[in-house]
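Just below is one structure, and these are the notes that go with it.
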Amino acid sequence: MRKCPHEVKIDTYLAGKLGETESVEFEDHYFNCPPCFQKTYERNELMTFIRREGDSVFAAVPAPKPAPAKVSLWDRVGALLTPKQWVTAAVTAALLLVVVLGVAPRLHRTVPAFTFSGDETVRGETLALLSPSGDVAAAPATFSWKPVRGTVEYTITLASGSETLWTATTPDATITLPDGVKAKLAAGAAYSWQVKAYAAQGTLLATSAKTAFKVAN
Amino acid sequence: MDIDLDQIVVQFRPVVGFKVRRALGGRNPDWEDVVNEILMQAIEKIKTGDFRGESSVGTFIYTIASRRIVDYIRQKTKVLREAPEVHDLPDPHDQVERDERAELLAKAIRTLKPKYRDVLYLYYYKELSRDEVARRLGIAPARVSERVNYAQKLLRKLLERRILTFSGPPGD
């Protein structure tokens, strides 16, 4: 049977909620449409019957089962994409993870080291010490080294083991050992010295390696 | 115009009856008289040529019915102010027939699948709104209407099988 567009209004009409104009329109319709009248009439019968006799009709009948629990957030999120799309997303995410984890260590290695060992220098410039070094015939009178461009001041440190014996600053690439310090240098003992080059405002330009020397017996 | 007057009466008696009972109230004893008056008036007008097919026959009769109902209610209101109403007792024979039909329908409803029975229970017995029924059962409101419609169809079939049709003169 072809569905009549007025059919949807039947319940509302029977409940008296259709409103006057629409009710009149609906009534006029079922006066002209036998199938709609049939449906309306039957629906009214059913409705009235259940209202009146419902107690006995439904007495022995189990109550309606409640609706299943509301759709969880998980289900709703899952429903955002189709299964195929979820697989694609997961694979893409996995690939990205592999790439990131694979590349990250490499990135680490290119990070510059911020601590200096004795051999390393700032800006790759080495400060080469010239003399004294190794065995020397007598206590050295002067210390000299290769100049570093841009240096405003050099600092020299003379040490015996970990004990600093003397330290001084000079703008030149050479310095004379004071007599007082020279006199302290003992034959057969090992000493080390180091020079640091500084630019204006105290910026460290270069550090030499610690060079050792020994005064011959 | 060639209109079969008997056919008109047969076709429209149930429709007019339904409308009149809704307007006057189900327990009003005058409804049958009003229905007859309406039908008689309609026939008269067709015979005298008052109705010339300007509208459909259905609309023509609906118009007569609406007017008669309005008049009746006005009259009734006047009368009510003057004297108390006396209700006729229902015919005992009709009552037996009614009970039998009721029992059959009750049985039929009980045999429906829960899917269809539940909507009738919630929608008509508990008188919940369509949306509330939908929420309770976890289905769309449109589905509720579908199920009610289908339940009605099923019940009609069940009753027909027991050689008792659901349709007929306006229910008692």
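Ordered by the count of other Cβ atoms within 10 Å of each Cβ, fewest first, A:THR88, A:THR21 give A:THR21, A:THR88. Of the cross-linked pairs B:LYS19/B:LYS126; A:LYS9/B:LYS47; A:LYS65/B:LYS153; A:LYS39/B:LYS115, those separated by over 28 Å at the C-alpha level are A:LYS9/B:LYS47. Here is the size of the stretch B:92-161 from its Cα atoms: Rg then Dmax, 13.8, 45 Å.
Can you give the charge dipole size of the protein assembly as shown about its Cα centre, rounded to the nearest 20 debye, using +1 on the beta carbon of Lys and Arg and -1 on the beta carbon of Asp and Glu?
On the way: 54 positive and 47 negative charges, 298 e Å.
Dipole magnitude for the protein assembly as shown comes out near 1420 debye.
Only one residue of A:SER133, A:VAL77, A:PRO66 has its Cα farthest out toward the positive end of the dipole of chain A, where Lys and Arg carry +1 and Asp and Glu -1 on Cβ, and that residue is A:SER133. Per-residue ellipticity at 222 nm computed for chain A from its helices equals -12000 deg cm²/dmol, with DSSP H segments shorter than 4 residues left out and the rest contributing -39,500 (n - 2.57). Per the Debye formula with a single identical scatterer at each Cα and no solvent contribution, what log10 I(q)/I(0) holds for the protein assembly as shown at q = 0.12, 0.13 Å⁻¹? Computed log10 I(q)/I(0) values: -1.00, -1.11.
Charges were assigned to the Cβ only: +1 to each Lys and Arg, -1 to each Asp and Glu. The resulting dipole of chain A about its Cα centre is roughly 840 debye.
From the P(r) of chain A, could you give the percentage of C-alpha pairs in the tail past 28 Å? Tail fraction, whole percent: 68.
Helices of chain A meeting both criteria, an alpha-carbon length of 20 angstrom or more along the long axis and an average Kyte-Doolittle score not below 1.0, with helices taken as full DSSP H segments, are A:83-109.
Could you check what % of the DSSP bridge pairs in the protein assembly as shown are antiparallel, to the nearest 5? Write out the running numbers ahead of the final one.
Numbers: 26 of 30 bridges.
The antiparallel proportion sits near 85 percent.
Counting other beta carbons within 10 Å of each residue's own, what order do A:VAL181, B:VAL57 fall into, fewest first? Could you put the intermediate results ahead of the total?
Working: A:VAL181 13, B:VAL57 19.
Fewest-to-most Cβ neighbours within 10 Å comes out as A:VAL181, B:VAL57.
As a test, work out the antiparallel percent of DSSP beta bridges whose residues both lie in chain A, rounded to the nearest 5. Roughly 85 percent of the beta bridges in chain A run antiparallel, per DSSP.
Among A:CYS4, A:CYS36, the ranking by other beta carbons within 10 Å of each residue's beta carbon, starting with the fewest, stands as A:CYS4, A:CYS36.
All of the numbers you see were taken from the coordinates with simple rules; none came from a lab. Computed from a predicted structure; not experimentally measured. Positions of Cβ are backbone-derived with ideal geometry, glycine not excepted, and every protein chain shown enters the neighbour counts.
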